[in-house]
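Chemist: One structure follows; several queries about it will come next.
The values are calculated or read from the model by the stated rules, or taken from the named source; none is laboratory data. No experiment lies behind these values; they were computed from the predicted model shown. Cβ sites come from the backbone with ideal geometry, for glycine too, and all protein chains shown count toward neighbours.
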Amino acid sequence: MDEQLDWQRRASMALDSAIASRHLISYAELADTAHIPPPQRIHKLTMWLETLVDRDHQSAKPLRAAWVVSRQRGQIPAPGFFMKCQEIGLYDGPVKGPPAEAFHRTLLAQYPA
């Protein structure tokens with residue numbers, strides 16, 4: 001359990017740093033920086049990010065998880081992020097394409113420059 005708390009703390013610090021520098025970070029980069037142990041490193045990360053979405057939304061804060069993107073999907077989060085946003089009532093649209101990209105830009109714009 002301590003190992004899990006350690007990587008989550010490192011992931012949180014790396015994510016906060018990326019946001020502070022207004023730099024999108026890929027799932028792989030965040031998993032590497034946080035030293036998430038195998039197996040299923042990205043799955044562990046996405047489960048943690050979904051918890052973060054819930055916490056941020058309940059606290060009425062901008063979604064930190066929006067800064068974690070997929071390099072293969074044109075610098076937007078993976079479909080699971082958009083499905084999570086649908087689940088909590090923040091988004092009602094497709095998981096890819098222009099509506100998803102516009103929603104993602106809106107989330108990023110909630111952070112002051």
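Chemist: Report whether or not L5 is buried (at least 16 other Cβ atoms within 10 Å of the Cβ), of a type outside the set (K, R) and without any contact (Cβ under 8 Å) to a residue 60 or more places away in the chain.
Modeler: Spelling it out, it is not the case that L5 is buried (at least 16 other Cβ atoms within 10 Å of the Cβ), of a type outside the set (K, R) and without any contact (Cβ under 8 Å) to a residue 60 or more places away in the chain.
Chemist: Could you please find all residues in the range 102-113 being in contact (Cβ under 8 Å) with a residue 24 or more places away in the chain and part of a loop (DSSP other than H, G, I, E, B)?
Modeler: Selection gives Q110, Y111, A113.
Chemist: Using beta carbons and a limit of 6 Å, which pairs, at least six apart or on different chains, have the first residue in the range 26-46 and touching a residue at least 12 places away in the same chain (Cβ under 8 Å) and closer than 14 Å to L15 by Cβ and the second one surrounded by fewer than 13 Cβ atoms within 10 Å (Cβ to Cβ) and of a type in the set (K, R)?
Modeler: S26/R71
Chemist: Report whether or not I36 is outside any helix (DSSP H, G or I), within 22 Å of D6 (Cβ to Cβ) and at pLDDT 95 or above.
Modeler: Criteria met by I36.
Chemist: In addition: Restrict the check to the range 30-37 and report whether at least one residue is closer than 13 Å to R64 by Cβ and within 10 Å of the chain's Cα centre (by Cα).
Modeler: Restricting attention to the range 30-37, the residues satisfying the condition of being closer than 13 Å to R64 by Cβ are 30.
Next cut, within 10 Å of the chain's Cα centre (by Cα) only: 30.
Yes: the range 30-37 contains one or more residues that are closer than 13 Å to R64 by Cβ and within 10 Å of the chain's Cα centre (by Cα).
Chemist: Are any residues in the range 88-101 in a helix (DSSP H, G or I), of a type outside the set (D, E, K, R) and surrounded by 11 or more Cβ atoms within 10 Å (Cβ to Cβ), and if so, which ones?
Modeler: P99, A100, listed by residue number.
Chemist: Same structure again: Can you confirm whether the range 50-71 contains a residue that is acidic (D, E), touching a helix residue (DSSP H, G or I) at 6+ places or on another chain (Cβ under 7 Å) and farther than 24 Å from A113 by Cα?
Modeler: Checked against the condition, which is being acidic (D, E), touching a helix residue (DSSP H, G or I) at 6+ places or on another chain (Cβ under 7 Å) and farther than 24 Å from A113 by Cα, the range 50-71 yields at least one hit.
Chemist: Since A60 meets every condition but one in (1) closer than 25 Å to K96 by Cα; (2) crowded, with 17+ Cβ neighbours inside 10 Å; (3) out of contact with any strand residue (DSSP E or B) (no Cβ under 6 Å at 6 or more places or on another chain); (4) without any contact (Cβ under 8 Å) to a residue 40 or more places away in the chain, which condition does it not meet?
Modeler: Unmet condition: (2).
Chemist: May I pose another question? Give L30, L49, L24, L15 a once-over and let me know the one that is touching a strand residue (DSSP E or B) at 6+ places or on another chain (Cβ under 9 Å), more than 25 Å from G89 (Cα to Cα) and surrounded by 12 or more Cβ atoms within 10 Å (Cβ to Cβ).
Modeler: L30
Chemist: Out of (1) of a type outside the set (D, E); (2) within 28 Å of D6 (Cβ to Cβ); (3) surrounded by 13 or more Cβ atoms within 10 Å (Cβ to Cβ), the odd one out for H104 is which?
Modeler: Tallying (1) of a type outside the set (D, E); (2) within 28 Å of D6 (Cβ to Cβ); (3) surrounded by 13 or more Cβ atoms within 10 Å (Cβ to Cβ), H104 fails exactly one: (2).
Chemist: To continue, here is another question. Take the residues of the range 66-87 that are touching a residue at least 24 places away in the same chain (Cβ under 8 Å) and either aromatic (F, W, Y) or in a helix (DSSP H, G or I) (or both): which is nearest to T106 (Cα to Cα)?
Modeler: A66
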